[in-house]
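Only one structure is covered here, and it is reproduced in the block below.
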Amino acid sequence: MPCVHCVDCRQLGKSNMKILHASTRESRGGGAAIAAKRLHLGLLAAGVDSHMAVAIPQEDSPRTFPVGGKISRNILRPLGMRLEAAVRACYPQPEQAAYASFSFCPSLQHVRLNNIPKDILHLHSVVEGFLSPWALGRLRGPVVWTMHDAWPFTGGCHYWSTPCLRYEKNCGCCPLLGCTGGRDLSYWHWYLKHKAVQRLKPVIVSPSTMYARKAANSGILGNCRIEVILNGIDVALFKHIPKEQARNILDLPQDMRIILFGAISATSDRNKGYDLLLQALYALPAVERELLLAVVFGASEAKDALPCPSRFLGRLHDEISLALAYSAADIFICPSRHEAFSLTTLEALACGTPVVAFAVGGIPDMVDHGLSGYLATPYAPDDLASGIALLLNDVELCNRMGEAGREKVLRKFALDNVVQQYLNLYNSLLDAEKHD
């Protein structure tokens, strides 16, 4: 059997390296879980011996298994989650603290991960009590850690908040917790994670240039090697379907301009920007709203009534249904306040649908303003409304932007290209380890 370190073998596209991915969830856990699973499946398709260890098994996926025994999964982890919730409740703003994961209770998952044979341990989103900072520091490398949000470089926050730069030095006085004392829960989480990263020395992968810069400026990850590798997508599954055909299948009208957006079932999540979207839609002239149909996936109803005709598709569980929804729409809107990447934006572009979004997080890595969509000034509903109106009133521009978005996805985000970038990274780590 050829050696994984052999240059000739790599040039032939062969690999016998064994990659172990660790993720709290395997797919139904938001964009982080979906991105991790897509990479895992892409590596399998490339002939790599890839496996995925998850804390919460959700479906029967190839080479995916729950990590840890029943005691760890059914007793220790749930107990730790309840204890963390009880501690958060002692702070002035426990509802805001829901946007953070402090994971301060020691877990034993690192023992199992260390004992599974592998060449590379690849961490993804390991929150919800899966890996505490104490356990993180006891993992054995080499380790690659993909940042799917801000959690790896903060004292527990999942989304970087613009006014708060405490993560650059050390956390504490956390605005999410509403705490004025320095050594609060975020401080101790930051401190323990900092110590863990110093021991672990992981290679950090960011799916966006903005989050790579933030990680480089952080006190936790600033001394780590940081690479930018964009998330990938299967361009054979997410592709343009003729609009008339897609609308017929979904029973949507042919004579209306359709905007699409998703994930509003979590309207209590301020980060998703549903309030900003409502303001943008109300800013549109009434005559334009009457000719507009808002199609929503991921929900069966809205908490607040939309100011235009609407249709709710509910949860779409497969790629074909999602591709149909994206293809049926004239534009896709992502009103999020913060996004480390935004898989829905990538999926829309892959289906040839232009995107209107705020210029935050990883979205500017995907959307070229004026070419494949409209990037609004962050948190400005009027500018978001301007982008929506511009594309709705110019069918030719909309079509050109859709074609440009699909072309960029083929060039930069095709899953096989992203898999090759990860393989190059894995091989560089194994070569370095061999020569140490």
Among the residues of the stretch 182-210, which ones are under 20 Å from VAL143 (Cβ atoms), under 18 Å from the mean Cα position of the chain (by Cα) and of a type in the set (S, T, N, Q)?
SER206
Within the stretch 59-73, considering residues that are modelled with pLDDT under 75, out of contact with any Leu (no Cβ under 7 Å at 6 or more places or on another chain) and not acidic (Asp, Glu), the one least open to solvent (accessible area, probe 1.4 Å):
GLY69
Residue list for the stretch 209-268, filter: assigned to a strand (DSSP E or B), farther than 22 Å from LEU316 by Cα and at pLDDT below 95
none
How many residues, within the stretch 166-194, are acidic (Asp, Glu) and part of a loop (DSSP other than H, G, I, E, B)?
1
Looking at (1) of a type outside the set (A, V, I, L, M, F, W, C); (2) touching a residue at least 60 places away in the same chain (Cβ under 8 Å); (3) buried (at least 24 other Cβ atoms within 10 Å of the Cβ); (4) on the phi > 0 side of the Ramachandran plot, find the lone condition where GLU128 falls short.
(3)
Condition first: touching a Ser or Thr at 6+ places or on another chain (Cβ under 8 Å) and in a helix (DSSP H, G or I). Now tell me which residues in the stretch 101-128 satisfy that.
GLN109, ARG112
Which numbered condition trips up CYS398, out of (1) in contact with a Pro (Cβ under 9 Å, 6 or more places away or on another chain); (2) open to solvent by 50 Å² or more (accessible area, probe 1.4 Å); (3) not acidic (Asp, Glu)?
(2)
For the stretch 172-195, name all the residues that are on the phi > 0 side of the Ramachandran plot and in contact (Cβ under 8 Å) with a residue 60 or more places away in the chain.
GLY178
Residues of the stretch 100-138 satisfying the condition of being out of contact with any His (no Cβ under 9 Å at 6 or more places or on another chain) and of a type in the set (Phe, Trp, Tyr)
PHE130
Among ALA286, ALA340, the single one that is of a type in the set (A, V, I, L, M, F, W, C), open to solvent by 10 Å² or more (accessible area, probe 1.4 Å) and farther than 16 Å from PHE261 by Cβ is ALA286
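The rows are residues; the columns are (1) within 17 Å of ASP382 (Cα to Cα); (2) without any contact (Cβ under 8 Å) to a residue 40 or more places away in the chain; (3) in contact with a helix residue (DSSP H, G or I) (Cβ under 7 Å, 6 or more places away or on another chain).
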residue	(1), (2), (3)
ALA280	yes, no, yes
LEU284	yes, no, yes
LEU293	no, no, no
PHE297	no, yes, yes
SER300	no, yes, no
LEU306	yes, yes, yes
LEU313	no, no, yes
LEU316	no, yes, yes
Residues being under 19 Å from GLY129 (Cβ atoms) and touching a Phe, Trp or Tyr at 6+ places or on another chain (Cβ under 8 Å): count how many of those fall in the stretch 24-38.
1
In the stretch 366-381, is there at least one residue being crowded, with 24+ Cβ neighbours inside 10 Å, under 17 Å from the mean Cα position of the chain (by Cα), at negative phi and not aromatic (Phe, Trp, Tyr)?
yes
Which members of the stretch 146-165 meet the condition of being farther than 27 Å from ILE75 by Cβ, hydrophobic (A, V, I, L, M, F, W, C) and not in a loop (DSSP other than H, G, I, E, B)?
PHE153, CYS157
Criterion (within 16 Å of the chain's Cα centre (by Cα) and without any contact (Cβ under 8 Å) to a residue 60 or more places away in the chain) met by exactly one of TRP145, TRP151
TRP151
Any residue in the stretch 389-409 that is within 16 Å of TYR326 (Cα to Cα) sitting within a Cβ distance under 7 Å of a residue that is in a helix (DSSP H, G or I) and open to solvent by 20 Å² or more (accessible area, probe 1.4 Å)? List the pairs, counting only those 6 or more apart or interchain.
LEU391/LEU397; LEU392/GLU288
Filtering the stretch 139-154 down to residues that are touching a His at 6+ places or on another chain (Cβ under 8 Å) and farther than 17 Å from ASP119 by Cα, which residue is surrounded by the fewest Cβ atoms within 10 Å (Cβ to Cβ)?
ALA150
Does at least one position in the stretch 45-57 carry a residue that is within 23 Å of the chain's Cα centre (by Cα), assigned to a helix (DSSP H, G or I) and surrounded by 22 or more Cβ atoms within 10 Å (Cβ to Cβ)?
no
If TYR274 satisfies every condition in (1) within 28 Å of SER386 (Cβ to Cβ); (2) of a type in the set (Ser, Thr, Tyr); (3) touching a Gly at 6+ places or on another chain (Cβ under 9 Å) but one, which is the exception?
(3)
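The values are calculated or read from the model by the stated rules, or taken from the named source; none is laboratory data. Fair warning: this is a prediction, and the values are worked out from it, not measured in the lab. Backbone-built Cβ (ideal geometry, glycine too); neighbour counts: all protein chains shown. Accessible surface is based on the protein model in full, side chains and every heavy atom, while ligands, DNA and RNA are left aside. Shrake-Rupley method; radii C 1.70, N 1.55, O 1.52, S 1.80 Å.
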